[in-house]
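The values are calculated or read from the model by the stated rules, or taken from the named source; none is laboratory data. These numbers were taken from a predicted model, which means no experiment stands behind them. Reconstructed Cβ throughout: ideal geometry from the backbone, glycine too, with neighbour counts over all protein chains shown.
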Amino acid sequence: MYLGEHSTSLDDKGRITVPRRFREAMDVYGHQVWYLTRGFDGCIFLFHRDEWNRIRAHIGRRVSIDGKALDFRRLFFGSVAEAKPDPQGRLGVPSHLREYAGLEKEAVLLGIDDHLELWSRDAWRAFQEGKQAEYKEMASLLFGGAEPQPAATEKGGLEHDH
C-alpha cells in the first residue's frame, strides 16, 4: 500500500505536503481521514481510518486497570489528532506532535505498508545508522521461521537420505 521514503518539509502553519504517490494511494483506497499519534523512537504514526479502527478494537480488549496497558493507552490515545489532506495535499501536524518528534522544518514521510511514519530528517538518519548493524538480525526474526534445507552429500543425495 504505502511504501518508500519521501522528503518533505513543514510550512509555517505546521503542515507537510504528502507526496503524490501517497495521495494517489489514498484516493484509490479511500483513505482520506488519518489519525496521527505518538509513535516509537521519536516518530509520529499516521493511521488511515480502517487501520485505526482495527488498532482501537485490539487495544480495547485489554483490561483498563492493567497498569502497563493503561500507560500505553494514555500516551497513544492521549496524543491523537485527526487530519485530512487539503486539496493541495497538505496535512496538518499538531504542535504537540511536532514537539514530540522534534519536527522543525525538514522531515521524512515513510510508507510502512499499512501506515505512515513522520520523522525529523535528522532523527530518521540517526535511527537508520543506529540500526544498520541489526538489519540482518531483524530479517532473521521476520523470516527465520523457514525450515533449513538439508545439505547435499558428496554422492549427490541429501543428508537425510542415508
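Against the criterion of being among the charged types (D, E, K, R), under 24 Å from Gly130 (Cα atoms) and surrounded by 13 or more Cβ atoms within 10 Å (Cβ to Cβ), Arg21 does not qualify.
Is it fair to say Arg21 is among the charged types (D, E, K, R) and either touching a residue at least 12 places away in the same chain (Cβ under 8 Å) or within 17 Å of His115 (Cα to Cα) (or both)?
yes
Would you point out the residue of region 83-96, among those that are in a strand (DSSP E or B) and touching a residue at least 60 places away in the same chain (Cβ under 8 Å), that is surrounded by the most Cβ atoms within 10 Å (Cβ to Cβ)? Only one residue fits best here, namely Leu91. Taking (1) out of contact with any helix residue (DSSP H, G or I) (no Cβ under 8 Å at 6 or more places or on another chain); (2) exposed (fewer than 13 other Cβ atoms within 10 Å of the Cβ) in turn, Gly4 satisfies each apart from (1). Within region 42-54, the set of residues being more than 15 Å from the chain's Cα centre (by Cα) and buried (at least 21 other Cβ atoms within 10 Å of the Cβ) is empty. Scanning region 41-54 for residues that are in contact (Cβ under 8 Å) with a residue 12 or more places away in the chain and over 23 Å from Trp119 (Cβ atoms) turns up just one, Asp50. Identify, please: which residue in region 55-82 is charged (D, E, K, R), free of Cβ contacts under 8 Å to residues at least 12 places away in the same chain and part of a helix (DSSP H, G or I) and is, among those, surrounded by the fewest Cβ atoms within 10 Å (Cβ to Cβ)? Per the criteria, the residue is Lys68. State all residues of region 29-40 that are β-branched (Val, Ile, Thr) and either touching a residue at least 60 places away in the same chain (Cβ under 8 Å) or within 14 Å of Gly111 (Cβ to Cβ) (or both); if no residue qualifies, say none. Passing the criteria: only Thr37.
Restricting to region 14-37, count the residues that are under 10 Å from Leu91 (Cα atoms) and over 16 Å from the mean Cα position of the chain (by Cα). Total meeting the criteria: 4. Condition test on Glu5, is it touching a residue at least 40 places away in the same chain (Cβ under 8 Å) and over 18 Å from the mean Cα position of the chain (by Cα)? When the stated conditions are applied, Glu5 does not pass them. Of the residues Glu104, Glu99, the single one that is among the charged types (D, E, K, R), surrounded by fewer than 19 Cβ atoms within 10 Å (Cβ to Cβ) and not in a helix (DSSP H, G or I) is Glu104. Residues satisfying the criterion are present in region 141-160 (criterion: surrounded by fewer than 12 Cβ atoms within 10 Å (Cβ to Cβ) and either in contact with a Ser or Thr (Cβ under 8 Å, 6 or more places away or on another chain) or modelled with pLDDT of 95 or more (or both)).
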